[in-house]
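Before any comments, here is the structure.
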Amino acid sequence: MPNLARVLRCAAIAASVGCCHAALAGDYGLSVLLDDLHSPRQLAFAPDGSLWITEAGVAAGAGPTTIVRGEPYVLTDTGSVTRYASGSAARILTGLPSIYGTTSGDVVGPNGIAFGAGGSPAIAIGGGVSPLVRSTDLAPGGANLQQLRTPTGNVDLGAHEAANNPAGGPIDSDPWHVAALPGGAFLVTDAGGNSLLRVDAGGSVSTVATFASRALGGPFPTEPVPTGIAIGGDGAYYVGELTGFPFVPGSARIYRIAPGEAPTVFATGFTMISDLAFGADGSLYALEYDSNGLLAPGSEGALWRVAADGSRSLVYGGDGLVNPTGLAIGDAGFYVSDFGHSSADGQLVLIAAVPEPATWALFAAGLASFGVLRRRRTNTNA
């Protein structure tokens, strides 16, 4: 496969000499833009065009500890946010709350980010624990988990779960991804609480929707675990689900939620959706964390295009796409946070179209024609 950066440069040159009017559809290639990220999660473009990446943190360090399903989880301050622009990156926010499992290496921290109408970010801090242990086992720093850090102040999403338990079942909160609404409000998926929350400009929290568990063959009902959130051109909210144990392949769904209405199933047949995003063409794109489920060998994810009727077509799968957790779409292609649960080896990658051989032939012919014209002009001017 040709070098991706070279492909993009050549496409720009080809357009400038007029050898072809549009790039032909072809295979997609993956290139690594950044590495050494700490459990990268959601991505968001800032108003200045830079790309911000939340990093949940590192599975190391000492701190207050609580037990989750028999495993010790340790609170640290290794969460961060990285800004990427013009080929360079810097961690612009550090010391954010993070919590990790000592056996699994699972890390939860800054999970989500979105830029509001005023151009400032809102950052979702996860938890994956009962909000009640924040003031006991994890005190005093535990109070900083399960928050949405907005431009106007911190909003306690864990307190909403503890007081209301909207979806029922065990009290648990893990704010995951964020989407901005007009007027300064935000939507947040709570992967632990199985709910979609709305935070208004004044900081009030309300439940938009809840998602029910289903019998999928495990020893107990499988939880939906809502993850990706995207707002469609129709004004509806689209939510993807990861699904819990036993992570049955093909069981994850995308829900459509018209404001004020109950969720309806928009598309089915996915496996472990981690994020959603709409492209400039109006199509919805779904990112899978592990396309054959966690209980099967391999950790390859996939990127799907979802049509208006809910049907889907594969954009990219495998070949370096491993446990991806965040998706943002830009002019150059699909930006993905890859190796999303790696404390030290997380990556920002770009998935972009590589021109088909026919396009390369047109490009070569265009360069040849350009060379002939240049020689003629040189001879004329001599």
Exercise. Given charges of +1 on the Cβ of Lys and Arg and -1 on the Cβ of Asp and Glu, with all other atoms neutral, how large is the dipole of the chain about its Cα centre, in debye to the nearest 20?
Worked result: 1320 debye
Problem set entry | Tensor-based shape of the range 222-324 (alpha-carbon gyration tensor, a/c under 1.5 rounded, otherwise prolate or oblate) | oblate
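Sorted by packing (mean other beta-carbon atoms within 10 Å per residue), highest first, where do 31-38, 279-286 land? Intermediate values should be presented prior to the final figure.
Details: 31-38: 17.9, 279-286: 15.6.
For the peptides 31-38, 279-286, the packing ranking is 31-38, 279-286.
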Problem set entry | Positive-end residue, the range 51-177 charge dipole about Cα centroid, Cβ charges, pick of V68, A122, L138 | A122
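With a ≥ b ≥ c taken as the square roots of the eigenvalues of the C-alpha gyration tensor of the range 146-302, please select rounded if a/c is under 1.5 and otherwise prolate if a/b is larger than b/c or oblate if it is not? Kindly include the intermediate steps, with their values, before the conclusion.
Working: a/c = 1.85, a/b = 1.31, b/c = 1.42.
Oblate, since a/c reaches 1.5 and b/c is not below a/b.
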For this session: Using a 10 angstrom cutoff on alpha carbons, build the Gaussian network for the chain and name the most mobile of G217, G70, G118.
Result: G70
Problem set entry | Of A114, A143, A277, the one that fluctuates the most in a GNM where the chain has Cα springs shorter than 10 Å | A143
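Rounded, prolate or oblate: which fits the range 32-353 when a ≥ b ≥ c are the square roots of the eigenvalues of the alpha-carbon gyration tensor, with rounded for a/c under 1.5 and prolate only if a/b beats b/c?
Numbers: a/c = 1.18, a/b = 1.12, b/c = 1.06.
Rounded.
Only the coordinates and a few stated rules stand behind these numbers; no lab work does. Just so it is clear, the structure is predicted and the values come from calculations on it, not from any experiment. All Cβ positions, even for glycine, are placed from backbone atoms using ideal geometry, and neighbour counts span all protein chains on display.
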